[in-house]
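Before any comments, here is the structure.
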Amino acid sequence: MTDAAELRRRTQDLLAAHPPAGTERLDFLRARFDAGLAWVHFPEGLGGLGLPRSLQAVVDAGLEAAGAPDNDPRRIGIGLGMAAPTILRYGTEDQKRRFLKPLWTGEEVWCQLFSEPGAGSDLAALGTRAVREGEDWVVDGQKVWTSSAHLARWAILIARTDPDVPKHRGITYFVCDMTDPGVEVRPLRQITGEAEFNEVFLTGVRIPDAHRLGETGDGWKVAQTTLNNERVAIGGMRLPREGGMIGPVARTWRERPELRTHDLHQRLLKLWVEAEVARLTGERLRQQLVAGHPGPEGAGMKLAFARLNQEISGLEVELRGEEGLLYDDWTMRRPELVDFTGRDAGYRYLRSKGNSIEGGTSEVLLNIVAERVLGLPTEPRTDKDVAWKDLAR
Ligand SMILES: Cc1cc2nc3c(=O)[nH]c(=O)nc-3n(C[C@H](O)[C@H](O)[C@H](O)COP(=O)(O)OP(=O)(O)OC[C@H]3O[C@@H](n4cnc5c(N)ncnc54)[C@H](O)[C@@H]3O)c2cc1C
């Protein structure tokens, strides 16, 4: 039997044992994980069957046709897209068993404690300290722009464990318990009016050494797995034709002929084609990923996604004229997810501004593409061999 046929059979078995209409959502998701049908490319016992990632589509199609619930992937994007691949690659067996199942079912939301007020693009300059005390690490510092920290049970955290060595070498990667009494989460209001992200203060937070991911001092290497996956997760989402930002503007164009002008028509056609090229390139990138871990290629996708989102949402506001300037809701909400298509044109226009900043700014991604994809000369880096404690701050 082929892998695909076997997967279809297993999917039907799951549906027969747990009919979606008569099963609690969470019970169904847990059973799906236990059957190895959560992410088939993960190992057996950890929600997968060790099969090629491309075969996931077979499972998803069978479950969708039967009306089975999904794990609401947009709500748990940081866990699925960034924490999980990092835990899989660097975690101990105990860590994989503890964290992956509730992460996948969405019972435990994750956030990312990387950026700091003085360390964003230059992330390796970060100053949050982790000092070893017995079996624990004691963490003090401040993180910023932390999406979903207000919802999160766990965080992936990078902190400085050795200030005496150059900045990239003295960092260690941890899993931080967001319910620890030393963790304080404060909302940050964005241009959209809502507070999707936060600043997070860490004061004497105790992290057991058993929650370290990778070796002490190897955090920069571990973080590369997270960051490369982040760019793919942000820029390489699977979309149907006319999915994403281009959908609403194309719909408005069809439904509102009175708004059309020749100039806007030419721009819409150009952006429609570019959005389709980006979508298909994303599809090809995902197929390449089946063969291994994402490298710097995700940077190119994320660059295109940010530029297109900003141009398309700008066109939509222009097309709608005065109406495009209306805004649906300025109250400071604490959303559970970024809902690009469920809100109005003004929201899309404002929220897409952040696309060229989050997950690495477009300027920094251009540097990555230049250096690591095209092999061009690197930026001058004078601080590579200087101990972190001696860097000017
Ligand atoms: C919506 C949103 C959600 C986010 N969520 C998270 C999160 O959950 N967790 C988290 O840790 N972080 C998060 N971030 C933070 C994000 O990763 C940082 O904002 C980003 O890396 C840029 O860092 P910075 O803001 O410190 O800007 P800076 O690094 O100070 O950059 C300022 C400007 O200088 C430019 N610049 C900097 N260095 C270079 C260079 N070498 N070459 C050319 N130009 C350069 C930048 O492109 C930018 O225009 C989020 C950001 C946004 C907007």
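The values are calculated or read from the model by the stated rules, or taken from the named source; none is laboratory data. Predicted model only: the values in this text are computed from it and were never measured. Cβ atoms come from the backbone with ideal geometry, glycine included; neighbour counts cover every protein chain shown.
Which of the residues spanning segment 330-360 are under 20 Å from the mean Cα position of the chain (by Cα), polar (S, T, N, Q) and surrounded by fewer than 15 Cβ atoms within 10 Å (Cβ to Cβ)?
Within segment 330-360, just Thr341 meets the criteria.
So which residues in segment 62-79 are over 23 Å from the mean Cα position of the chain (by Cα) and either of a type in the set (Lys, Arg) or more than 21 Å from Gly106 (Cβ to Cβ) (or both)?
Ala65
For Lys353, are the conditions met, namely being on the phi < 0 side of the Ramachandran plot, within 14 Å of the ligand (Cβ to nearest atom), out of contact with any Lys or Arg (no Cβ under 9 Å at 6 or more places or on another chain) and not small (Gly, Ala, Ser)?
The answer is yes for Lys353.
Yes/no per residue for (1) assigned to a loop (DSSP other than H, G, I, E, B); (2) outside the structural domain of Thr86 (by TED's automatic domain parsing); (3) farther than 15 Å from Pro102 by Cα; (4) among the small types (Gly, Ala, Ser):
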{"residue": "Thr11", "(1), (2), (3), (4)": "no, yes, yes, no"}
{"residue": "Leu15", "(1), (2), (3), (4)": "no, yes, yes, no"}
{"residue": "Leu26", "(1), (2), (3), (4)": "no, yes, no, no"}
{"residue": "Arg32", "(1), (2), (3), (4)": "no, yes, no, no"}
{"residue": "Leu37", "(1), (2), (3), (4)": "yes, yes, no, no"}
{"residue": "Leu51", "(1), (2), (3), (4)": "yes, yes, yes, no"}
{"residue": "Gln56", "(1), (2), (3), (4)": "no, yes, yes, no"}
{"residue": "Glu64", "(1), (2), (3), (4)": "no, yes, yes, no"}
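Each row is one residue, and each column tells you yes or no for (1) surrounded by 14 or more Cβ atoms within 10 Å (Cβ to Cβ); (2) over 26 Å from the mean Cα position of the chain (by Cα); (3) small (Gly, Ala, Ser); (4) outside the structural domain of Pro248 (by TED's automatic domain parsing).
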| position | (1), (2), (3), (4) |
| --- | --- |
| Gln266 | no, yes, no, no |
| Trp272 | yes, no, no, no |
| Arg284 | no, no, no, no |
| Gly298 | yes, no, yes, no |
| Lys302 | yes, no, no, no |
| Leu308 | yes, no, no, no |
| Ile312 | yes, no, no, no |
| Val317 | yes, yes, no, no |
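When you scan segment 165-262 for strands (runs of 3 or more DSSP E) that lie fully inside it, which ones turn up with 3 or more residues that are under 20 Å from Glu116 (Cα atoms) and more than 22 Å from the chain's Cα centre (by Cα)? Reasoning before the result, please.
On the way: elements: 171-177, 183-188, 197-208.
The strands (runs of 3 or more DSSP E) meeting that bar are 197-208.
Name the residue, out of Val165, Val222, that is farther than 23 Å from Glu107 by Cα, among the aliphatic types (A, V, I, L, M) and more than 15 Å from the ligand (Cβ to nearest atom).
One residue alone meets the criteria, Val165.
Tell me which residues, restricted to segment 176-209, are hydrophobic (A, V, I, L, M, F, W, C) and touching a strand residue (DSSP E or B) at 6+ places or on another chain (Cβ under 9 Å). Give the steps one after another, and end with the answer.
Keep residues of segment 176-209 that are hydrophobic (A, V, I, L, M, F, W, C), which gives 176, 178, 183, 185, 188, 191, 195, 197, 200-202, 205, 207.
Cys176, Met178, Val183, Val185, Leu188, Ala195, Phe197, Val200, Phe201, Leu202, Val205, Ile207, listed by residue number.
State whether one or more residues within segment 364-385 are in contact with a strand residue (DSSP E or B) (Cβ under 7 Å, 6 or more places away or on another chain) and either under 28 Å from Leu151 (Cα atoms) or more than 13 Å from the ligand (Cβ to nearest atom) (or both).
First pass over segment 364-385, keeping only residues in contact with a strand residue (DSSP E or B) (Cβ under 7 Å, 6 or more places away or on another chain): 384-385.
Right, trim to either under 28 Å from Leu151 (Cα atoms) or more than 13 Å from the ligand (Cβ to nearest atom) (or both) and you get 384-385.
Yes, the conditions are met somewhere in segment 364-385.
Could you pull out the residue among Glu316, Glu336, Glu311, Glu322 that is of a type outside the set (Lys, Arg), part of a helix (DSSP H, G or I) and modelled with pLDDT under 95? Talk me through it step by step, then tell me what you get.
On the way: Glu316 fails: modelled with pLDDT under 95; Glu336 fails: part of a helix (DSSP H, G or I); Glu311 fails: modelled with pLDDT under 95.
Step by step, each of Glu316, Glu336, Glu311, Glu322 is checked, and only Glu322 is of a type outside the set (Lys, Arg), part of a helix (DSSP H, G or I) and modelled with pLDDT under 95.
Could you list, in sequence order, the residues of segment 24-41 that are within 23 Å of the chain's Cα centre (by Cα), modelled with pLDDT of 95 or more and over 13 Å from Thr11 (Cβ atoms)?
Leu26, Leu29, Arg30, Phe33, Trp39
Inside segment 102-137, can you point out the residues that are buried (at least 18 other Cβ atoms within 10 Å of the Cβ), hydroxyl-bearing (Ser, Thr, Tyr) and over 19 Å from Leu202 (Cα atoms)?
If the condition is that a residue be buried (at least 18 other Cβ atoms within 10 Å of the Cβ), hydroxyl-bearing (Ser, Thr, Tyr) and over 19 Å from Leu202 (Cα atoms), then Thr105 is the only one that fits.
Pairs under 9 Å by beta carbon, first residue within 27 Å of Arg75 (Cα to Cα) and within 11 Å of the ligand (Cβ to nearest atom) in segment 104-129, partner of a type in the set (D, E, K, R) and in a strand (DSSP E or B), six or more apart or different chains?
Within 9 Å, the pairs are Gln112/Lys143; Leu113/Lys143; Phe114/Lys143; Ser115/Lys143; Glu116/Lys143; Pro117/Lys143; Pro117/Glu199; Leu123/Glu116.
Within segment 155-165, can you find the residues that are crowded, with 24+ Cβ neighbours inside 10 Å and touching a Phe, Trp or Tyr at 6+ places or on another chain (Cβ under 6 Å)?
Across segment 155-165, the qualifying residues are Leu157, Ile158.
Counting just the residues of segment 73-91 that are more than 15 Å from the ligand (Cβ to nearest atom) and touching a residue at least 60 places away in the same chain (Cβ under 8 Å), which one comes out surrounded by the fewest Cβ atoms within 10 Å (Cβ to Cβ)?
Applying the filter and picking the extreme gives Arg89.
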